[in-house]
């Protein structure tokens, strides 16, 4: 299983739409101030870039996890030991990547409510999303959307 151009394009489009929703929601609720369209587009470009790199690295790690576990716990023969191993590796990868991106983002633009809170929140969100991603990747060994 490996990344292909359709997967990369899908990740880019998802990153764009997720950021579009998040930035628009934060603006409408008053969480962030967006003084003009240029600021909105800048936030969208930066957010999409971060999300794309983050998701690409996470999917690549997930593919590596699946490929390694295929050798150690081949499916369907070793399903029972495979499930907790895959869960733990997926959560660990999500925490490492989510924390790293949060720390990097904080160094560029500090979070007003503190770094620790955001690392915990982003790690939890990333872990849940990564469990969904790795399940989707595992569902189809060729991984074509």
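For this structure, a couple of remarks:
- All Cα-Cα separations within the chain were binned at 10 Å from zero, giving a P(r) of 11, 36, 31, 16, 5, 1, each value a whole percent of the pairs.
- Calculated over segment 1-42: convex hull of Cα atoms, volume per residue (Å³): 78
- Remark: relative contact order (segment 14-130) = 23 percent; criterion is Cα-Cα distance under 8 angstrom and separation of 6 or more residues.
- Centre-to-centre, using Cα atoms only, segment 2-20 and segment 70-125 are separated by 19 Å.
- A Förster radius of 35 Å, combined with the Cβ-Cβ distance separating residue 116 from residue 39, puts the computed FRET efficiency at roughly 0.80.
- Note on residue 9 and residue 22: the model spin-label points, each 7 Å out from Cα along the C-beta direction, lie 2.4 nm apart.
- For the chain, calculated [θ]222 nm from helices alone, where every DSSP H run of n ≥ 4 adds -39500 (n - 2.57): -29000 deg cm²/dmol
- Stretching residue 77 away from residue 31 to a fully extended chain increases their span by 11.6 nm, per 0.36 nm per residue minus the current alpha-carbon distance.
- Model label sites at residue 49 and residue 128, defined 7 Å from Cα along the beta-carbon direction, differ in position by 2.9 nm.
Readers should treat all values here as calculations from the given coordinates under stated rules, not as data from a laboratory. As the structure is a computational prediction, the values presented were derived from the model and not from experiment. Virtual Cβ from ideal backbone geometry, glycine too; neighbours counted across all protein chains shown.
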